[in-house]
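Shown next, in structure tokens, is the structure this report addresses.
The values are calculated or read from the model by the stated rules, or taken from the named source; none is laboratory data. Bear in mind that the values here come from a model prediction, so they are computed numbers and not experimental data. Using ideal geometry, Cβ is built from the backbone for each residue, glycine included, and neighbour counts are taken over all protein chains shown.
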Ligand code: PMV
């Protein structure tokens with residue numbers, strides 16, 4: 001009872017920030033994201049009668065912290081399959097882990113894909129998305145390819161996630177500027193709860209979000225890069241404004257993050273098709289048309305404080321390996 005799956009991290013253009021229900025990671029708002037081919041998590045799950053408890057190894061090191069959340073996802077799949085076996089989970093990332101590059105999204109997407117196959121469980125796409133979501137709120141998006149919409153729906157799963165453009169339909173590129181390799185001080189879950197309870201702009205964020213999501217989706221459908229640039233930077237900065245206006249304030253950026261934002265804006269003003277987005281961490285993701293990758297990469301590599309620059313393209317959803 002063993003299977004291996006791979007998945008890519010993702011980055012949201014129209015962000016999610018805030019949970020309606022923490023236990024099931026039900027988001028307060030939907031989101032629109034890009035699945036990042038070029039960065040890959042590979043996970044093998046092996047259910048065995050010889051194991052006394054679930055075991056997790058990440059990049060060769062045993063992990064006793066994340067195992068309880070992993071077991072929660074495995075429990076839901078075991079329940080679906082009517083199986084009571086423990087599992088060993090072995091996962092590797094070919095990119096920095098826990099450094100704001102959404103390794104938990106790709107990790108939980110690969111986990112549920114491999115575990116469902118190992119158990120040969122018959123489960124709907126929305127159910128699998130829900131189980132991935134229990135691990136990480138943005139993980140369902142990594143189960144899907146290209147440009148992905150996560151929308152809230154009124155059934156027991158609470159969300160429906162699907163690809164709105166395949167990688168070849170609109171081949172956007174993403175250049176990641178790594179400005180720190182340290183784990184962040186405040187997790188996104190902790191930050192979201194703090195924002196919900198204390199930020200005076202949290203409710204405005206939730207109330208205005210559906211219009212941002214609809215606009216983002218429309219600009220993707222129209223392949224209107226410059227309009228998508230405006231709404232995506234707006235959503236990113238609005239999310240960070242909510243975080244910054246929380247008590248205590250949450251500032252996820254470094255000086256280099258701000259310098260990268262300014263560099264991206266200068267490039268766009270000079271006619272380069274590029275815009276930025278930033279998650280709950282100091283890395284900047286520059287989204288651009290493929291012909292601009294070389295120029296954007298070179299410009300970000302020159303910004304003081306940038307440690308590394310990674311080029312990504314739109315990637316597939318989570319996939320089983322034979
Ligand atoms: O996957 P989570 O629950 O840790 O949330 C991540 C949320 C952001 O990355 C900050 C925004 C987003 O929509 O990806």
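Sort out which residues of segment 164-198 are outside any loop (DSSP other than H, G, I, E, B) and within 12 Å of the ligand (Cβ to nearest atom), and write them in order of number. Before the answer, list the steps.
Going residue by residue through segment 164-198, those that are outside any loop (DSSP other than H, G, I, E, B) are 164-165, 173-178, 188-198.
188, 189, 190, 191, 192, 193, 195 - these are the residues of segment 164-198 that are outside any loop (DSSP other than H, G, I, E, B) and within 12 Å of the ligand (Cβ to nearest atom).
Which of the residues spanning segment 1-25 are under 21 Å from residue 317 (Cβ atoms), within 12 Å of the ligand (Cβ to nearest atom) and modelled with pLDDT of 95 or more?
Residues satisfying the conditions are 9, 10, 11, 12, 13, 14, 15, 16.
Enumerate the pairs (first residue in segment 100-114 and more than 17 Å from residue 186 (Cα to Cα); second residue anywhere and part of a loop (DSSP other than H, G, I, E, B) and away from the ligand (no atom under 11 Å from the Cβ)) with beta-carbon separation below 7 Å, excluding pairs fewer than 6 apart on the same chain, so at least 6 apart or on different chains.
106/8; 109/143; 109/318; 110/318; 113/143; 113/318
Restricted to segment 146-163, and to residues that are part of a loop (DSSP other than H, G, I, E, B) and surrounded by fewer than 23 Cβ atoms within 10 Å (Cβ to Cβ), which residue is nearest to the ligand (Cβ to nearest atom)?
158
Looking at segment 66-97, which of the residues that are within 16 Å of the ligand (Cβ to nearest atom) and in contact with a strand residue (DSSP E or B) (Cβ under 9 Å, 6 or more places away or on another chain) is modelled with the highest pLDDT?
Ranking the candidates gives 70 first.
Could you list, in sequence order, all residues of segment 280-311 that are surrounded by fewer than 18 Cβ atoms within 10 Å (Cβ to Cβ) and at negative phi? It would help to see each step written out before you state the result.
As a first pass, look at segment 280-311 and keep what is surrounded by fewer than 18 Cβ atoms within 10 Å (Cβ to Cβ): 289-291, 294-295, 298, 301-302, 304-305, 307-308, 311.
If the condition is that a residue be surrounded by fewer than 18 Cβ atoms within 10 Å (Cβ to Cβ) and at negative phi, then 289, 290, 291, 294, 295, 298, 301, 302, 304, 307, 308, 311 are the ones that fit.
Kindly indicate whether any position in segment 46-68 is in a loop (DSSP other than H, G, I, E, B) and under 30 Å from residue 286 (Cβ atoms).
yes
Give the residues of segment 248-260 that are more than 16 Å from the ligand (Cβ to nearest atom) and either within 13 Å of residue 174 (Cβ to Cβ) or assigned to a helix (DSSP H, G or I) (or both), sorted by residue number.
255, 256, 258, 259, 260
Report yes if some residue within segment 24-34 is under 14 Å from the mean Cα position of the chain (by Cα) and assigned to a loop (DSSP other than H, G, I, E, B); otherwise report no.
Applying the first criterion (under 14 Å from the mean Cα position of the chain (by Cα)) to segment 24-34 yields 25, 27, 30-34.
If we keep only those that are assigned to a loop (DSSP other than H, G, I, E, B) as well, we get 25, 30.
Within segment 24-34, one or more residues are under 14 Å from the mean Cα position of the chain (by Cα) and assigned to a loop (DSSP other than H, G, I, E, B).
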